[in-house]
Amino acid sequence: MADTYDLIVLGSGPGGYVAAIRASQLGLKVAIVERERLGGICLNWGCIPTKALLRTSEIYHYMTHAADYGLKAEKIGFDLSKIVDRSRKVSGQLNAGVKSLMKKNKVTVVEGVGALTGKGKLSVRQGNGTVDLEAKHILIATGARARDLPFAKADGKRIWTYRHAMVPEVMPTKLLVIGSGAIGVEFASFYNDMGAEVTIVEMLPRILPVEDEEVSAFMEKRLTKDGIRIVTGAGVEKIDSGAQGVKATIKGKDGKSVTEEYSHVIVAIGIVPNTEEIGLEKLGVATERGHIKVDGFGRTNVEGIYAIGDVTGAPWLAHKASHEGVVCVEKIAGENPHAFETWNIPGCTYSRPQVASVGLTEAKAKEQGRTVKVGKFPFIGNGKAIALGEADGFIKTVFDAKTGELLGAHMVGAEVTELIQGYVVARQLETTEAELMETVFAHPTLSEMMHESVLGAYGKALHF
């Protein structure tokens with residue numbers, strides 16, 4: 001006889017486990033099904049362990065530049081196995097935390113590979129046996145995986161995805177990163193700081209293509225200054241992998257193809273939703289280019305089947321999945337949440353320097369026919385940034401000239417992934433330039449630049 005629940009969540013990433021917790025808080029009897037480790041890709045193989053690696057490379061960078069701060073450091077080096085071990089321990093600690101949360105919130109954890117078998121029915125394969133579950137509501141939160149190159153699939157030896165790049169057995173000497181989104185730029189930054197010779201190849205005309213054009217231009221200039229070679233408007237046509245390295249044929253924007261040798265390749269060209277073999281076709285769940293189609297409450301076209309997170313499409317961000325999960329289960333439980341929208345989701349890249357943004361770029365705002373006012377303030381004008389030795393970067397704000405609405409904010413520099421939330425809150429509260437200009441910011445802080453950027457949009461900047 002099948003075990004019966006009010007809600008079954010398939011997948012325990014940041015969308016799935018948060019949805020399970022909120023559902024339990026609302027009085028639902030909940031089970032969560034996971035085929036690998038609680039916390040999903042983000043906690044175990046994505047957001048968290050990469051930040052642990054990037055923290056290591058940041059500290060290593062400061063150690064090798066100790067003289068800039070009046071310090072002396074000699075015989076600086078690193079132990080790669082210990083770097084990786086620290087990253088894995090950070091993930092392990094958080095994985096244990098999710099287990100504790102499931103227990104605290106009385107969520108039943110079912111380990112195994114789950115698939116829909118009928119309306120309100122889900123079967124979980126465990127070794128040679130299966131466990132049958134039933135629920136009025138089933139929430140799919142199966143996430144996504146790295147996209148392979150069709151002509152050179154990742155082997156974990158010379159051709160890596162993000163997952164292989166987090167647990168290297170040897171440090172690359174000459175690294176090719178294919179793709180310049182957040183994942184590609186973060187790994188390029190990490191390995192460059194650790195001493196590898198890094199090349200980024202991007203098919204589009206600029207790196208970090210979803211960011212504001214000025215941010216992309218700044219990052220290309222800064223990463224190039226730091227020793228990273230950047231090739232835009234180019235594509236990788238062929239990769240031959242051997243015992244000693246790889247040969248990559250790159251076709252440049254001039255149409256010419258050049259073959260170059262590298263020790264390793266990281267493929268960071270996007271993701272593929274995990275929608276195969278979970279029973280969607282059996283129930284007629286609608287998909288588009290592999291992603292499950294949902295409304296603002298996570299509802300699919302099939303009654304009782306819901307979906308959230310990466311499996312539903314862009315933006316592919318953990319915090320987006322978590323919020324979707326809360327909205328979805330609150331609707332299921334009879335609450336009255338606002339339908340989920342993507343207009344105010346911040347994006348962060350944890351490279352050195354960091355990049356963060358929310359809302360419309362200047363170009364997108366103009367494409368929408370908006371008349372805009374733009375403010376920009378450089379890190380070099382901020383006392384705290386200079387004291388930190390982090391005077392590279394800027395903060396840019398885009399306002400609607402007619403209404404004063406904050407349309408977007410774009411940052412590059414130290415700790416901007418923390419600063420961006422101030423603008424996210426401002427947009428959520430529908431704050432205009434007037435409230436932001438009248439807000440008092442503490443001194444000396446990096447956040448003062450947020451104020452100055454707003455003032456600058458209206459010709460009132462005080463320190464630049």
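The values are calculated or read from the model by the stated rules, or taken from the named source; none is laboratory data. Bear in mind that the values here come from a model prediction, so they are computed numbers and not experimental data. Note that each Cβ is placed from the backbone with ideal geometry, even for glycine, and that neighbours are counted across all protein chains shown. Remember, those area values only see protein heavy atoms, side chains included, never the ligands or the DNA or RNA. Shrake-Rupley method; radii C 1.70, N 1.55, O 1.52, S 1.80 Å.
Among the residues of the range 132-153, those identified as open to solvent by 20 Å² or more (accessible area, probe 1.4 Å) and more than 30 Å from VAL110 (Cβ to Cβ) are PRO150, PHE151, LYS153.
In the set (1) closer than 22 Å to LYS238 by Cβ; (2) part of a helix (DSSP H, G or I), the condition left unmet by VAL201 is number (2). Tell me, which residue of the range 343-354 that is under 30 Å from LYS225 (Cα atoms) and in contact with a Leu (Cβ under 8 Å, 6 or more places away or on another chain) is most open to solvent (accessible area, probe 1.4 Å)? Out of the qualifying residues, it is TYR350. Being under 30 Å from ASN274 (Cα atoms) and free of Cβ contacts under 8 Å to residues at least 24 places away in the same chain holds for only one residue in SER87, SER91, SER100, and it is SER100.
Among residues of the range 190-208 that are under 14 Å from SER351 (Cβ atoms), those with a beta-carbon under 7 Å from a residue that is open to solvent by less than 60 Å² (accessible area, probe 1.4 Å) and among the basic types (Lys, Arg) at least six positions away or on a different chain give the pairs ASP193/ARG352.
Looking at this structure, is ARG163 within 30 Å of VAL326 (Cα to Cα), under 25 Å from the mean Cα position of the chain (by Cα), open to solvent by 20 Å² or more (accessible area, probe 1.4 Å) and touching a residue at least 12 places away in the same chain (Cβ under 8 Å)?
Numbers: within 30 Å of VAL326 (Cα to Cα): yes; under 25 Å from the mean Cα position of the chain (by Cα): yes; open to solvent by 20 Å² or more (accessible area, probe 1.4 Å): yes; touching a residue at least 12 places away in the same chain (Cβ under 8 Å): yes.
For ARG163, the condition - within 30 Å of VAL326 (Cα to Cα), under 25 Å from the mean Cα position of the chain (by Cα), open to solvent by 20 Å² or more (accessible area, probe 1.4 Å) and touching a residue at least 12 places away in the same chain (Cβ under 8 Å) - is met.
Scan the range 284-342 residue by residue and report those that are among the acidic types (Asp, Glu), over 20 Å from VAL210 (Cα atoms), surrounded by 15 or more Cβ atoms within 10 Å (Cβ to Cβ) and in contact with a Gly (Cβ under 9 Å, 6 or more places away or on another chain). Spell out how you get there, then give the answer.
From the range 284-342, those among the acidic types (Asp, Glu) are 288, 295, 303, 310, 324, 330, 335, 341; that's our starting set.
Cutting the leftovers down to over 20 Å from VAL210 (Cα atoms) gives us 288, 295, 303, 324, 330, 335.
With the extra rule that they be surrounded by 15 or more Cβ atoms within 10 Å (Cβ to Cβ), the set shrinks to 324, 330.
Answer for the range 284-342, where residues must be among the acidic types (Asp, Glu), over 20 Å from VAL210 (Cα atoms), surrounded by 15 or more Cβ atoms within 10 Å (Cβ to Cβ) and in contact with a Gly (Cβ under 9 Å, 6 or more places away or on another chain): just GLU324.
Restricting attention to the range 66-75, which residues are free of Cβ contacts under 8 Å to residues at least 60 places away in the same chain and either out of contact with any Ser or Thr (no Cβ under 9 Å at 6 or more places or on another chain) or loosely packed, with under 10 Cβ neighbours inside 10 Å (or both)? Hits for the range 66-75 are ALA66, ALA67, GLY70, LEU71, LYS72, GLU74, LYS75. If you go through the range 113-122 and keep only what is open to solvent by less than 10 Å² (accessible area, probe 1.4 Å) and over 15 Å from VAL30 (Cβ atoms), you end up with just LEU116. The residues on offer are ILE8, ILE41, ILE48, and the sole one that is touching a residue at least 40 places away in the same chain (Cβ under 8 Å), within 30 Å of HIS323 (Cα to Cα) and either outside any helix (DSSP H, G or I) or open to solvent by less than 30 Å² (accessible area, probe 1.4 Å) (or both) is ILE8.
Of the residues making up the range 253-268, not a single one is of a type in the set (Gly, Ala, Ser), within 21 Å of GLY118 (Cα to Cα), at pLDDT 95 or above and part of a loop (DSSP other than H, G, I, E, B). Cβ separations smaller than 7 Å between residues 6+ apart or across chains give the following pairs from the range 213-234 residues that are touching a residue at least 40 places away in the same chain (Cβ under 8 Å) and within 18 Å of GLY347 (Cβ to Cβ) to residues that are surrounded by fewer than 21 Cβ atoms within 10 Å (Cβ to Cβ) and among the small types (Gly, Ala, Ser): GLU213/ALA363.
Any residue at all in the range 117-134 that is closer than 30 Å to VAL327 by Cα, free of Cβ contacts under 8 Å to residues at least 60 places away in the same chain and among the hydrophobic types (A, V, I, L, M, F, W, C)?
So the first thing to find is which residues in the range 117-134 are closer than 30 Å to VAL327 by Cα, and the list is 117-125, 131-134.
With free of Cβ contacts under 8 Å to residues at least 60 places away in the same chain added as a condition, the list becomes 123, 125.
Narrowing the set further to residues that are among the hydrophobic types (A, V, I, L, M, F, W, C) leaves none.
Checked against the condition, which is being closer than 30 Å to VAL327 by Cα, free of Cβ contacts under 8 Å to residues at least 60 places away in the same chain and among the hydrophobic types (A, V, I, L, M, F, W, C), the range 117-134 yields no hits at all.
Here VAL30 meets each of (1) among the aliphatic types (A, V, I, L, M); (2) closer than 30 Å to ASP193 by Cβ; (3) open to solvent by less than 10 Å² (accessible area, probe 1.4 Å) with one exception, condition (2).
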